[in-house]
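Each reported figure results from applying straightforward, stated rules to the coordinates on display, with no laboratory input. As the structure is a computational prediction, the values presented were derived from the model and not from experiment. Counting neighbours? That spans all protein chains shown, and the Cβs are built from the backbone with ideal geometry, glycine included.
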Amino acid sequence: MTSSNPSSNDERTRQYLTLLGQHERRLRGLILSLVPNWADADDIAQEVRIRLWEQFDGYDPAKDFGAWARTIAYYQVLTHREKQSRRHGMIGDRFVELVAEEVAAISDELDAAGQALKDCFEKLPQAKRDLLLHYYSSERTTREIAAELGRTFDATRQAILRTRSALRDCVDEALHGEGGQ
């Protein structure tokens, strides 16, 4: 990264670290799905982080960072496999390619589902959002939440169930359309 502006470098570094932080767990999952040896996977993950940083100036922020990073990780795995090709019992390249494609597809589906959940949650009335946040972010029981809200246990439980059902239906519709595939 060569730039004469230190604040520009700092911002670029911050952008890289933010994007890497958002995608690193999925990258590690991809690598581990393709390389069963944890030590090798750790080495490859480190190489991927280095390679991503080295090529970050060429990354187009308008593009999906996750897809770009997964591509680099995939090629790092192939490079590792080439180096290790003398070992007995290596899995075939076609198998590795198929697994990488499946992991990428699942990752994209998880991203879409996460975004749909966020969007649908934001569409809920504030009282229902508060109820779910109360329920999922505290260690209180439904009875304790009901008492705090001045409602009966059954009414609180039903409100939680209905809100979760509405949220699930919204996410299903967002992901699959009216037909709910």
Inverse mean reciprocal Cα-Cα distance (Kirkwood Rh) of the stretch 1-111, Å: 14.9 Å
- prompt: Expressed as a whole number of Å, what is the distance separating the alpha-carbon centroids of the stretch 57-74 and the stretch 24-56?
  reply: 14 Å
query: Okay, helix-only estimate at 222 nm for the chain: each DSSP H run of n ≥ 4 adds -39500 (n - 2.57), divide by all residues, round to 500 deg cm²/dmol; what do you get?
result: -27000 deg cm²/dmol
task: Return 23, 134 ranked ascending by Cβ neighbour count within 10 Å, so the fewest neighbours appear first.
output: 134, 23
statement: Counting as exposed only GluC sites (Glu not before Pro) in DSSP loop states with no more than 12 other Cβ atoms inside 10 Å, the longest exposed-site-free span of the chain is 1-138
- prompt: Tell me, what is the FRET efficiency for residue 99 and residue 53 to the nearest 0.05, using R0 = 30 angstrom and their Cβ-Cβ distance as r?
  reply: 0.70
field: Relative contact order for the stretch 15-113, counting Cα pairs under 8 Å that sit 6 or more residues apart, in percent
entry: 36 percent
message: What is the distance in Å between the Cα centroid of the stretch 154-179 and that of the stretch 99-143?
response: 11 Å
message: Could you compute how fast the stretch 124-181 diffuses translationally, taking Rh as the Kirkwood radius over C-alpha pairs and applying Stokes-Einstein at 25 °C with viscosity 0.890 mPa s? Give it in µm² per second.
response: 200 µm²/s
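Checking understanding here: applying a Kyte-Doolittle mean of at least -0.5 and a length along the axis of at least 20 Å (C-alpha), which whole DSSP H helices in the chain pass? Don't skip to the end; give the middle numbers.
Numbers: long enough: 6-34 (38 Å, -0.80); 38-55 (25 Å, -0.72); 65-83 (27 Å, -0.41); 93-123 (45 Å, -0.04); 153-176 (34 Å, -0.35).
Answer set is 65-83, 93-123, 153-176.
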query: For the chain, modelled as a Gaussian network with Cα springs under 10 Å, which listed residue fluctuates most, 107, 33, 137?
result: 137
statement: Once the in-chain neighbours fewer than 8 apart are removed, the lysines whose Cα is under 23 Å from residue 118 read 63, 128
